Amino acid sequence: MDLLQQLQLKHPIFLAPMAGISTPALAAEVSEQGALGSLGLGASSLSSAREQILATQQLSTVPLHLNFFCHQSVAADPVIEQNWIARLKPAFEKFSATPPTQLNCIYPSFLDNDDFLNLVLETRPALVSFHFGLPHPHQIQALKHAGILTMVSATNLVEAQLIENAGIDIINAQGVEAGGHRGCFNPEIDAAIMTADLVRLIKAHCTRPIVAAGGIMNGQQIRFMLDLGASAVQMGTAFLPAQSSNAHPKYRQALFEQRTTQISPSISGRPARALLQHWHKEIDQPTRIKVAAYPYAYDIAKQLHAVASKHGDHGYGAFWAGSNVAQIRNLDCAALIEQLTLEMTQS
């Protein structure tokens, strides 16, 4: 049985599980169209994650994909933390604000305990995926025993081989073109391989089904990835204009006006691709000091964005987008999926 049959999908399209942007309505709409709807729960509390899952399952009975973060939780380094706060202090002062005195670990990891695992086992999605690394072996075994498919993001061949050896069912080949956070197991090591090359590489050395992610915006690009050996593709940026997404109006506007993206670790503490913002032009200077660790850096970034946006400046927002954002179309889910499937059949 191939991957589409296992997931009962009509189309080889996964909605990227965009934390903070995915909504139950968006996930349900995508799934109802025969693709795979997703919820990005890596930034959610346990209670919020439960609410989102149950709300989606009330809207749709078709398969659902949940995503969590598997970063290694670390204690904040007081010196690096205070240096980073001092580095961003002038940005706060532009808006007559004071930066925080310390940074918080705002996002838990799936690895920290089994609370999220138990939630997954209770709600039984069709697929659960992980970013930034692998779950614990006992967590993988519990998901397998429950009949829930698993997927982990790989940004290079070594990661893909670790994923396969761990018994994960699907490899998500995340190319460097992808918007949002790079899925690197070690944020200090990013091979920066383009999606097509990564799919070819993993296909040549691994046997697990591959889902291609990064820079895919139209049906011709989907067909190209399938021809390279991917079983499906994952798309995020293309779905941001949908009315059911949680993208802020300024974010939506920027997608059609600000067409350049760049990768930076300054926003969150991990490398991530976003529309060109103040972070890339003001903070990422050659003399930039060491960024606070993830997700401590993201804590102050969110506070700075909140302060600046009150003054009408949205340039500190995390406007994640893939490198091919210039190809974006202002379509809702149904129209976009219809257009994508039409384009897939065109020569």
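Within region 109-156, how many residues turn out to be within 17 Å of the chain's Cα centre (by Cα), closer than 20 Å to Glu51 by Cα and of a type in the set (Val, Ile, Thr)? Qualifying residue count for the region: 1. Scanning region 126-151 for residues that are crowded, with 20+ Cβ neighbours inside 10 Å and either farther than 20 Å from His71 by Cβ or in contact (Cβ under 8 Å) with a residue 60 or more places away in the chain (or both) returns Leu127, Val128, Ser129, Phe130, His131, Phe132, Gly133, Leu134, Pro135, Leu149, Met151.
Run down Glu122, Glu159 and say which single residue is out of contact with any Gly (no Cβ under 9 Å at 6 or more places or on another chain), without any contact (Cβ under 8 Å) to a residue 60 or more places away in the chain and among the acidic types (Asp, Glu).
On inspection, the qualifying residue turns out to be Glu122.
Taking the conditions (1) surrounded by fewer than 24 Cβ atoms within 10 Å (Cβ to Cβ); (2) modelled with pLDDT of 95 or more; (3) out of contact with any strand residue (DSSP E or B) (no Cβ under 9 Å at 6 or more places or on another chain) in turn, Leu103 satisfies each one other than (1). One residue stands out among those in region 81-96 that are surrounded by fewer than 18 Cβ atoms within 10 Å (Cβ to Cβ) and touching a Lys or Arg at 6+ places or on another chain (Cβ under 9 Å): the one that is nearest to Val152 (Cα to Cα), which is Asn83. Of the helices (runs of 4 or more DSSP H) lying entirely inside region 1-108, those containing at least 2 residues that are more than 22 Å from Arg270 (Cα to Cα) and under 21 Å from the mean Cα position of the chain (by Cα) are 24-32, 46-59.
Checking Ser96 against (1) of a type in the set (Gly, Ala, Ser); (2) under 20 Å from Trp279 (Cα atoms); (3) in contact (Cβ under 8 Å) with a residue 12 or more places away in the chain: exactly one of these is not met. Which one? Failing condition for Ser96: (3). Looking only at region 194-214, decide whether some residue is in contact (Cβ under 8 Å) with a residue 60 or more places away in the chain, within 18 Å of Ala19 (Cα to Cα) and touching a helix residue (DSSP H, G or I) at 6+ places or on another chain (Cβ under 8 Å). Checking region 194-214: at least one residue is in contact (Cβ under 8 Å) with a residue 60 or more places away in the chain, within 18 Å of Ala19 (Cα to Cα) and touching a helix residue (DSSP H, G or I) at 6+ places or on another chain (Cβ under 8 Å).
As for region 46-57, it holds at least one residue that is closer than 30 Å to Asp313 by Cβ, surrounded by fewer than 17 Cβ atoms within 10 Å (Cβ to Cβ) and out of contact with any strand residue (DSSP E or B) (no Cβ under 9 Å at 6 or more places or on another chain). Give the residues of region 305-347 that are exposed (fewer than 15 other Cβ atoms within 10 Å of the Cβ), within 17 Å of Val30 (Cα to Cα) and of a type in the set (A, V, I, L, M), sorted by residue number. Within region 305-347, Ala334, Ala335, Leu342 qualify.
When region 160-182 is filtered for residues that are crowded, with 24+ Cβ neighbours inside 10 Å and either of a type in the set (S, T, N, Q) or not in a loop (DSSP other than H, G, I, E, B) (or both), the ones remaining, listed by number, are Ala160, Ile163, Ile171, Asn172, Ala173, Gln174, Gly180, His181. No other residue among Gln243, Gln220, Gln234 is closer than 16 Å to His181 by Cα, polar (S, T, N, Q) and in contact (Cβ under 8 Å) with a residue 12 or more places away in the chain apart from Gln234.
Just checking, does region 128-150 include any residue being over 27 Å from Val74 (Cβ atoms) and in a helix (DSSP H, G or I)?
Narrowing region 128-150 to residues over 27 Å from Val74 (Cβ atoms): 144-149.
Cutting the leftovers down to in a helix (DSSP H, G or I) gives us 144-145.
Yes, region 128-150 has at least one match.
Looking at region 44-62, is at least one residue at pLDDT below 95 and of a type outside the set (Ser, Thr, Tyr)? Looking for residues that are at pLDDT below 95 and of a type outside the set (Ser, Thr, Tyr), one finds at least one in region 44-62, hence yes. Quick check: anything in region 72-79 touching a Gly at 6+ places or on another chain (Cβ under 9 Å), over 18 Å from Ala146 (Cα atoms), modelled with pLDDT of 95 or more and of a type in the set (Val, Ile, Thr)? No, every residue in region 72-79 fails to be touching a Gly at 6+ places or on another chain (Cβ under 9 Å), over 18 Å from Ala146 (Cα atoms), modelled with pLDDT of 95 or more and of a type in the set (Val, Ile, Thr). Listed by first and then second residue, the pairs linking a residue in region 318-343 that is farther than 22 Å from Val176 by Cα to a residue that is in a loop (DSSP other than H, G, I, E, B) and among the charged types (D, E, K, R), with Cβ atoms under 7 Å apart and 6 or more places separating them unless they lie on different chains, are Leu336/Arg329.
The values are calculated or read from the model by the stated rules, or taken from the named source; none is laboratory data. Just so it is clear, the model here is predicted, and its values are computed rather than measured. Because the Cβ atoms are built from the backbone with ideal geometry, glycine has one as well, and the counts that use them run over all protein chains shown.
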